[in-house]
1. Identify, by number, the condition in (1) under 26 Å from the mean Cα position of the chain (by Cα); (2) in a loop (DSSP other than H, G, I, E, B); (3) not hydroxyl-bearing (Ser, Thr, Tyr) that Ala245 doesn't meet.
2. Out of Ala71, Ala77, Ala116, I need the residue that is surrounded by 14 or more Cβ atoms within 10 Å (Cβ to Cβ), closer than 16 Å to Leu165 by Cα and at pLDDT below 80. Which one?
3. For region 115-147, name all the residues that are touching a Leu at 6+ places or on another chain (Cβ under 6 Å) and either charged (D, E, K, R) or in a strand (DSSP E or B) (or both).
4. Filter region 226-254 for residues that are of a type in the set (A, V, I, L, M) and touching a residue at least 40 places away in the same chain (Cβ under 8 Å); which is most open to solvent (accessible area, probe 1.4 Å)?
5. Which one is modelled with the highest pLDDT among residues in region 19-68 that are within 27 Å of Ala119 (Cβ to Cβ) and hydroxyl-bearing (Ser, Thr, Tyr)?
6. Go through region 121-148 residue by residue and tally those that are charged (D, E, K, R) and crowded, with 21+ Cβ neighbours inside 10 Å.
7. Out of the residues in region 207-234 that are modelled with pLDDT under 90 and outside any strand (DSSP E or B), state the one that is nearest to Thr159 (Cα to Cα).
8. Yes or no: region 84-92 includes at least one residue that is in a strand (DSSP E or B) and modelled with pLDDT under 70.
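The values are calculated or read from the model by the stated rules, or taken from the named source; none is laboratory data. These numbers were taken from a predicted model, which means no experiment stands behind them. Ideal geometry is used to build each Cβ from the backbone, glycine not excepted, and the neighbour counts take in all protein chains shown. Each accessible area value is taken on the protein alone, full model and side chains, heavy atoms only, with ligands, DNA and RNA left out. Shrake-Rupley method; radii C 1.70, N 1.55, O 1.52, S 1.80 Å.
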Amino acid sequence: MKKGFGSGFFAGLLCTALAAALGVTALAASRSITVEDGVHITINGALFSPKNAAGKALPSFSHDGTVYVPAEALCGALGMTASYDAASRTFILTSPADSSSASPSAGASSFGYITADKAREIALSHAGVKAAEASFIKTELEWEHGRAEYEVEFYSGNTEYDYELDAITGNILSYDRDVENFQIPRQQNSASRITADQAKEAALRHAPAGSTVKKCKLEYDDGYAVYELELYHGRTEYECKIDAANGDVISWEIDD
């Protein structure tokens, strides 16, 4: 796909949207076409993986020189609203009201999103890993939970890091780290572990003031002792894992 959004691009969007909306009616002609699968989409340098409301991946393909992509998912990622009027068979795209006057901040894309490089920078800084020490597996822009999110995954040493960031604010929505081929250290015995109360204190320090711990349970993750906790603050739920050896937060997830 060429850089930019020309008429050919939106023609592909519209045709795909109409074909999906019309269903069997659109296919009544029973024509067979040959398509090229595996078309990738990038937005400001980040690979975009379109999904439907249920989280199922949606295909993109090209036919006769035109690229067809899932319109609703892509438009949502670009900050546009998309709807289909069945009565008039019209697919309706609406740009953000402030799109003409918006001026992106430093590290932001033309759609108000932070760039893929900025997303990686935020994740590395939070993980305390230098860029030269990291090997990135993916940086993808996705439309999840009604918002655009970056999914950043990378390795450093024998540790894998997974981050989800708000694509507009850069706020970290969740993160997780997994240690591969982990050997239980000698100090990982019951006498050297932190207590459940200490794990709760560590989690509460990481959570918004006024949060409440609803669950705290000692579990083993690949032989590694961790405390799994659930916390609530208002209508927001937090799930985290605390290293039972030193009290470090090794994963954190937010569920609104």
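1. Just one mismatch for Ala245, condition (1).
2. Values: Ala71 fails: closer than 16 Å to Leu165 by Cα; Ala116 fails: at pLDDT below 80.
Result: Ala77 is the single residue among Ala71, Ala77, Ala116 that is surrounded by 14 or more Cβ atoms within 10 Å (Cβ to Cβ), closer than 16 Å to Leu165 by Cα and at pLDDT below 80.
3. Across region 115-147, the qualifying residue is only Glu140.
4. Of everything passing the filter in region 226-254, Ile254 is most open to solvent (accessible area, probe 1.4 Å).
5. Among those that are within 27 Å of Ala119 (Cβ to Cβ) and hydroxyl-bearing (Ser, Thr, Tyr), it is Ser60.
6. Looking only at that region, the number is 1.
7. Asp222
8. no
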